[in-house]
Amino acid sequence: MKKTFPLHVPGRADPRVVEAIKHDVRRYVKRERGKTLPEGFDLWEFACRVGATGPTAETTPLNAVGAAIDGIAGTGGAEVYVELIAIAGHRIPRVAAPIGTAPNAPAAVPAPTAALASSFAATDSAPPQSS
């Protein structure tokens, strides 16, 4: 999908126009993901570009397209250019951790020392000071 959407439509509130644009983008992504994949591929990836015009559009991750549209609408632009290209891709396999260990788990946390424990207890039980 390569399309330039107007941000100001007579008779419609501008926030509703922006929501309609984002709805069209979501609908297109859902439709593309429903298509059958070529042999040997696992998923659809999307090359996305969003900008005020086609030549000034910047590459944007799919999950940030809505925020980019909001940003252009917030700057007072008259239109927004959205380009979404579906590309067949491969999933990156996740390496499973051995059972009983959590990935990225911190080492055992040492118990607080007696000095730290008593200082916390002293500050918590002290009556509030009046000024």
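The values are calculated or read from the model by the stated rules, or taken from the named source; none is laboratory data. Note that the structure is a prediction, hence the values are computed from the model and not measured. Every residue, glycine as well, gets a Cβ built from its backbone with ideal geometry; the counts of neighbours run over all protein chains shown.
Summary of computed values
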quantity	calculated
Those residues of the stretch 43-83 which are over 22 Å from Arg31 (Cβ atoms) and part of a loop (DSSP other than H, G, I, E, B), in sequence order	Ala52, Thr53, Gly54, Pro55, Thr56, Thr75, Gly76, Gly77, Ala78
Qualifying residue in the stretch 16-26 (condition: of a type in the set (Lys, Arg), closer than 11 Å to Glu83 by Cβ, modelled with pLDDT of 95 or more and surrounded by 14 or more Cβ atoms within 10 Å (Cβ to Cβ))	no
